[in-house]
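Notes to accompany the following structure.
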Amino acid sequence: MAKISINLATGSLQKEDIIVGIDLGTTNSLVAFINPENHPQVINDAGKGVLVPSIIHLNPQNGESIVGNDAKAHLIEDPEHTIFSVKRLLGRSYKDIEHYQNFFSYKIVDDDNETLVKVKIEDKYYSPIELSAMILKELKARAEHALKTPVNRAVITVPAYFNDSQRQATRDAGKLAGLDVLRIVNEPTSASLAYGIGLNPEEERTIAVYDLGGGTFDISILKIQNGIFEVLATNGDTFLGGDDFDRAIIEFWIKRSGLTAEELKQYKEIRQVLRLKAEEAKKHLSFNEQYNNDVQGIDCSIDKSTFEELIKPKVDQTLSCCKNALADAGLKPENIDSIIMVGGSTRTPLVKNSVSTFFGKSVNDSLNPDEVVALGAAIQADILAGNRKDILLLDVTPLSLGVETMGGLMDVIIPRNSKVPTKAGRQYTTAVDGQVNMKISVYQGERDLVKDNRKLAEFDLKGIPAMPAGLPKVDINFLLNADGILTVQAVELRSGVKQQVEVKPTYGLTDAEVEQMLLDSVSHAKDDVAQRMVIEARTEGEQMLYTAERFIKNNAQFLSEEEQIHTIKLMEELKSILPEGSKDEILSKIDALNEYTRPFAERVMDVAISKAMKGKSIE
Ligand code: ADP
Ligand code: MG
């Protein structure tokens with residue numbers, strides 16, 4: 001039973017402890033909740049509007065920040081102190097973003113390539129986590145004001161391709177804003193929940209979520225089964241969105257005006273004014289045939305068919321992403337059961353119609369496309385609050401997680417596409433006698449060799465009591481929580497020595513890298529298997545040499561001189577072939593050594609047994 005309480009301010013009955021759903025967008029952010037009638041509803045505080053532009057203005061004099069529409073106004077007159085698109089920086093290093101640094105009008109600190117980026121305003125540094133927290137604080141305040149109740153818990157959405165580092169950063173931003181972030185949810189998962197897809201555990205569906213926002217385009221293909229949302233493929237373009245439509249209109253107006261570049265410069269800030277007009281025109285043309293206006297004598301009229309001609313190449317670009325995503329998922333357009341439209345730019349009729357033609361069926365667009373993600377997040381929050389007991393929602397991890405073992409091999413502990421949360425472990429041992437430390441390196445990726453995957457963390461399990469090789473039992477456990485964040489624990493069972501790390505990568509993979517890693521794993525599968533077998537043979541050979549050496553040292557008295565010489569000869573042969581030899585060459589040398597020395601081991605064993613027998617007096 002959900003607890004019920006009375007909201008003293010409104011006099012209405014209210015479920016205790018509201019958990020809100022937040023869409024923290026690149027262009028716009030918003031917050032939603034489940035209303036007392038049990039419907040998801042977006043929050044419009046005091047008529048300020050539902051969408052909060054994800055823009056922050058930092059006052060250089062007093063350090064105060066304003067967020068949303070009021071900050072947007074400063075974009076024109078104070079661009080250096082006005083931060084937009086902070087989501088592009090979240091969980092990223094300078095290296096990740098350097099090639100599009102010019103996109104930002106504010107200063108991005110570039111002195112350390114590997115760590116998370118910072119923004120510099122005057123002499124102050126801000127991390128993208130702090131800046132995102134400012135947006136989240138504004139959303140929290142609006143929700144509290146509108147609902148007249150404290151809001152302390154939230155579900156926040158992220159794109160499906162966000163990696164561990166970006167998810168961690170989103171969660172940290174929530175924490176910094178005073179929110180207990182119960183779950184980080186994929187945006188396409190949220191959007192499908194808003195349409196009620198995935199709420200019935202019996203139903204199995206394959207859906208496409210087409211999300212065209214202000215500056216980014218994502219297409220995700222999901223398979224939903226038993227409450228599990230599996231991301232079959234994602235594709236998109238991180239620099240394609242409604243802003244491109246606006247730019248196309250501006251270029252058209254300027255060209256038609258016949259003004260030269262020189263003349264244009266004389267109109268200070270004219271581009272920014274034209275930008276606002278262009279967005280207005282675009283939105284108007286979603287529902288009308290003609291837009292008329294003018295700015296300082298420049299004719300700013302445009303009709304719908306001209307607009308559609310201008311943006312057609314961009315729309316076609318999104319369709320080729322859809323094509324790629326389908327190919328990656330191994331599906332055809334007719335295999336898709338529903339197509340969900342997300343993002344403000346899908347209101348443009350040409351977009352809607354083109355997508356519908358591409359998939360060969362009508363699209364789901366009955367819900368407000370810039371609200372669906374937040375609405376779905378509110379539903380997810382409601383599920384987490386325990387108000388919908390029949391549903392269990394799970395996401396899956398996009399890349400495999402494992403540790404490095406002998407010879408640089410990747411030993412997968414949690415395979416890709418495992419449902420999260422999940423826990424898995426395996427037992428390892430030492431390779432050398434008396435080994436007291438064990439280095440544990442954690443990797444993410446699909447390739448057989450760790451050097452081709454991405455290192456997430458490395459730590460030492462220290463203080464293993466000295467024992468012969470192979471005797472210590474080291475349990476390595478991976479715990480992947482529902483947000484896709486990994487904790488690794490290593491315990492030496494005989495001594496109880498323990499080490500634990502939460503894996504917090506210093507910088508993230510780019511989307512292109514994740515994609516490339518998946519592609520590589522397929523195209524290199526054959527090479528990988530061959531390489532893996534050589535490495536395994538080499539490792540086996542090294543181990544064999546180690547054992548044989550130890551054997552000769554400890555048990556020389558049981559061998560004739562000739563036997564010792566021949567053993568050493570076989571060992572030399574194996575040793576010399578190890579670095580360059582093929583798998584078969586190595587294995588044949590191992591076999592030869594093995595065959596020759598096996599009787600010795602038996603001999604030693606017999607002596608040991610008879611010694612033991614002698615020691616006992618048998619009556
Ligand atoms: P994001 O997910 O990137 O934060 P949104 O989903 O809020 O972005 O989409 C913002 C984009 O949608 C902007 O480019 C905006 O101009 C565009 N947009 C909003 N309303 C309309 C409309 N009626 N017609 C066309 N485009 C629209
Ligand atoms: Mg969005």
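Remarks
- Convex hull of alpha carbon positions in region 202-365: directionally averaged projected area 10.3 nm².
- Helix 242-257 vs. the chain, principal-axis angle (Cα, 0 to 90°, nearest 10): 50
- DSSP-assigned coil residues among trypsin sites (Lys or Arg not before Pro) in region 405-504, each with at most 13 further Cβ atoms within 10 Å: Lys462, Arg494
- Computed Rg/Rh of region 204-284, alpha carbon atoms with Kirkwood Rh: 1.26
- Assigned charges on the beta-carbon of Lys, Arg, Asp, Glu; the chain dipole about Cα centre (debye): 1260
- Proximal aspartates and glutamates to Lys473, defined as alpha-carbon separation beneath 18 angstrom and excluding residues fewer than eight positions away on the same chain: Glu404, Asp411, Asp433, Asp460, Glu492
- Cut-off of 10 Å, at most 14 other beta carbons, DSSP loop: longest stretch of the chain lacking such chymotrypsin sites (Phe, Trp or Tyr not before Pro): 288-619
- Three principal axis extents of region 287-351 based on alpha-carbon atoms, in descending order, are 53, 19, 17 Å.
- Prolate/oblate/rounded label for region 52-161 (Cα gyration tensor, a/c 1.5): oblate
- Taking amide H positions as modeled 1.01 Å from N, with prolines and chain starts lacking one, the residues under 5 Å from Val295 and 5 or more places away or on another chain are Cys300.
- Take every pair of alpha-carbon atoms less than 8 Å apart whose residues are at least six positions apart; their mean separation over the length of region 202-365 yields a relative contact order of 29 percent.
- Listed residue pairs exceeding 32 Å between alpha carbons, taken from Lys419/Lys498; Lys118/Lys455; Lys223/Lys314; Lys175/Lys282; Lys439/Lys553; Lys314/Lys361: Lys175/Lys282
- Estimated [θ] at 222 nm from DSSP helical runs (n ≥ 4, -39500 (n - 2.57)) normalised by residues in the chain, nearest 500: -12500 deg cm²/dmol
- Region 413-494, dipole about Cα centre (Lys/Arg Cβ +1, Asp/Glu Cβ -1), debye to the nearest 20: 140
- Helix 164-176 vs. the chain, principal-axis angle (Cα, 0 to 90°, nearest 10): 60
- Relative contact order of region 27-77, pairs being alpha-carbon contacts under 8 Å that are 6 or more residues apart, as %: 28
- Given +1 at the Cβ of Lys and Arg, -1 at the Cβ of Asp and Glu and no other charges, the dipole of region 527-613 around its Cα centre is 400 debye to the nearest 20.
- Karplus-derived 3J(HN,Hα) values for region 574-585, using 6.51 cos²θ - 1.76 cosθ + 1.60 with θ = phi - 60°, are 5, 4, 6, 8, 3, x, 10, x, 6, 4, 5, 4 Hz; glycine and proline are entered as x.
- Farthest toward the positive end of the dipole of region 527-613, out of Ala530, Gly541, Phe551, is the Cα of Phe551, where the dipole comes from beta carbon charges about the Cα centre.
- Span from the region 238-268 Cα centroid across to the region 557-571 one, whole angstrom: 85
- Degrees separating the helix 511-523 axis from the principal Cα axis of the chain, which is the longest one: 40
- For the chain, the convex hull spanned by the alpha carbon atoms encloses 231 Å³ per residue.
- When the trypsin sites (Lys or Arg not before Pro) in region 295-349 are filtered for DSSP coil states and for at most 12 other beta-carbon atoms within 10 Å of their beta-carbon, no site remains.
- The chain: relative contact order in percent, alpha carbon pairs under 8 Å with at least 6 residues between: 12
- Spatially, region 310-344 and region 76-137 are offset by 31 Å when compared through their Cα centroids.
- When the Cα positions of Leu480, Ala71, Thr234 are compared along the charge dipole of the chain, Leu480 comes out farthest toward the positive end, with charges on each C-beta of Lys, Arg, Asp and Glu.
- For region 250-324, a Kirkwood radius taken over Cα pairs fed into Stokes-Einstein (10 °C, viscosity 1.306 mPa s) yields D = 117 µm²/s.
- At most 15 other Cβ within 10 Å, DSSP loop - trypsin sites (Lys or Arg not before Pro), region 193-283: Lys268
Values quoted throughout were computed directly from the atomic coordinates according to the rules given, and no laboratory measurement underlies them. None of the values given here were measured: they were computed from a predicted structure. Neighbour counts run over all protein chains shown; Cβ positions are idealised from the backbone, glycine included.
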